[in-house]
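The values are calculated or read from the model by the stated rules, or taken from the named source; none is laboratory data. Remember, predicted model here, so these are calculated numbers, not experimental data. For neighbour counting, all protein chains shown are included, and Cβ atoms are generated from backbone atoms with ideal geometry for every residue, glycine included. Remember, those area values only see protein heavy atoms, side chains included, never the ligands or the DNA or RNA. Shrake-Rupley method; radii C 1.70, N 1.55, O 1.52, S 1.80 Å.
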Amino acid sequence: MRRICLAAMALLACGAVISCKGKKVEEKEVTLVMAEVNPPETIAGQMDQAFKQKVEELSGGKIKIDLQCSGILGDVDSVVSLMLKPHSTIQIHRMSAVNMASYGCLQSSLLGIPYTFGSKEAFWEFTKSKAAQEILDEPIKTMGMKGLFYGEEGFRNFFSTVKISSVKDFAGLNARGTNDAAMQGLIKAFGAISVPVNYADLYAKLQTGAISVAEQPIANYLANHFYQVAPYMILDGHTLGVMETIITMEAWNSLSEKQQGILLEAGKYASEFCQKLSASEEDRVKARLIKEGATITEVKDVRPWQAACADVVKEAASVDPALYEQILSFSQKK
């Protein structure tokens with residue numbers, strides 16, 4: 001009997017060894033560099049920080065996000081150019097959906113078509129849909145990047161060195177917009193002249209008079225001090241500043257399944273953080289801008305603005321009419 005017990009104990013001990021050997025190796029420590037062109041106090045910057053903090057919390061510090069804001073790592077094109085190369089020193093980037101169209105993400109371009117979302121609530125409802133996931137997955141095929149989560153930095157509005165009160169006031173003015181076809185078409189439809197300007201040079205170009213009009217979400221207008229050189233903003237809300245945070249597939253595939261799950265969970269948290277922040281931030285920013293001396297003009301009837309760019313919308317939607325109809329359906333519910 002004693003021999004049987006000893007044999008059983010030996011088997012248990014052996015099993016313990018096997019169990020120990022079969023255990024998953026402890027997660028390796030990882031540092032992921034994240035680039036952000038906007039200052040940390042913007043909606044985008046604060047969303048990035050929420051993502052960073054949640055990743056580090058959930059991983060117990062095993063995954064660190066080295067977040068670099070204010071364009072320290074370069075402008076959007078410089079960052080993406082680097083991320084497209086093997087062994088990039090930047091792994092994560094927060095991009096505007098409209099900028100992603102320049103890198104073959106044509107479905108993302110649908111999110112930047114003028115006057116698509118009638119409210120922020122419509123956009124956030126859309127993000128829960130299969131169509132939203134389809135768009136978030138698009139960079140895998142076109143850029144070799146994985147979409148992690150959505151955000152929005154408020155509606156984009158025009159600001160200028162001279163007061164603009166209607167569409168007619170754009171005639172003959174030099175304007176800077178994003179490089180996507182919809183925005184370029186919008187500027188032309190309003191009668192302005194599109195002038196390409198690097199985002200990092202925008203303040204100086206407004207200051208020297210090289211351009212008279214540009215557009216950004218109101219929080220970025222404040223954070224980048226554009227109001228100092230272009231003190232007029234008209235709240236036309238031509239597009240919602242939809243954002244997608246992406247990671248290189250090389251970096252993604254180097255992570256364990258558990259680590260990938262942490263990034264996705266932190267992304268969901270950051271997305272929800274962004275939604276709450278954006279809902280309250282614009283009123284605060286508007287009050288601050290007025291205090292700083294900026295002139296804010298409300299658009300009471302957006303229909304003339306929509307009519308002026310109707311052909312632009314039709315052309316931009318032709319990329320994927322069925323998908324665009326799905327996107328529009330969320331605004332129509334509100």
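Things worth noting here:
- Hits in the range 27-70 - residues which are of a type in the set (D, E, K, R) and within 26 Å of Arg284 (Cβ to Cβ): Glu36, Glu41, Asp48, Lys52, Lys54
- Output for the range 102-122, where each listed residue is closer than 21 Å to Ala181 by Cβ, assigned to a helix (DSSP H, G or I) and more than 13 Å from the chain's Cα centre (by Cα): Ser102, Tyr103, Leu106, Gln107, Leu110
- Cβ-Cβ under 7 Å pairs, at least 6 apart or on other chains, the range 67-93 side without any contact (Cβ under 8 Å) to a residue 40 or more places away in the chain and in a helix (DSSP H, G or I), far side crowded, with 20+ Cβ neighbours inside 10 Å and not acidic (Asp, Glu): Leu82/Ile90
- Among the residues listed as Ile296, Ile290, Ile327, the single one being at pLDDT 95 or above, part of a strand (DSSP E or B) and among the β-branched types (Val, Ile, Thr): Ile296
- Test: Thr127 is open to solvent by 40 Å² or more (accessible area, probe 1.4 Å) and of a type in the set (Val, Ile, Thr): no
- Residue check, Ala266 assigned to a loop (DSSP other than H, G, I, E, B) and either in contact with a Ser or Thr (Cβ under 8 Å, 6 or more places away or on another chain) or open to solvent by less than 10 Å² (accessible area, probe 1.4 Å) (or both): no
- Which numbered condition Lys286 misses (of (1) over 30 Å from Gly60 (Cβ atoms); (2) open to solvent by 20 Å² or more (accessible area, probe 1.4 Å); (3) under 19 Å from the mean Cα position of the chain (by Cα)): (3)
- Counting residues in the range 102-119 that are farther than 30 Å from Asp320 by Cβ and either open to solvent by 50 Å² or more (accessible area, probe 1.4 Å) or modelled with pLDDT of 95 or more (or both) gives zero.
- Any hit, the range 229-239, residues being touching a helix residue (DSSP H, G or I) at 6+ places or on another chain (Cβ under 9 Å), under 26 Å from Ser108 (Cβ atoms) and acidic (Asp, Glu): yes
- Pair list, Cβ under 9 Å, 6 or more apart: the range 300-328 residue surrounded by fewer than 17 Cβ atoms within 10 Å (Cβ to Cβ), other residue β-branched (Val, Ile, Thr): Pro304/Val167; Gln306/Val313; Ala307/Val167; Leu323/Ile135
- Exactly one residue out of Gly112, Gly60, Gly104 is in contact with a Ser or Thr (Cβ under 6 Å, 6 or more places away or on another chain), of a type in the set (Gly, Ala, Ser) and over 27 Å from Ala219 (Cα atoms), and it is Gly104.
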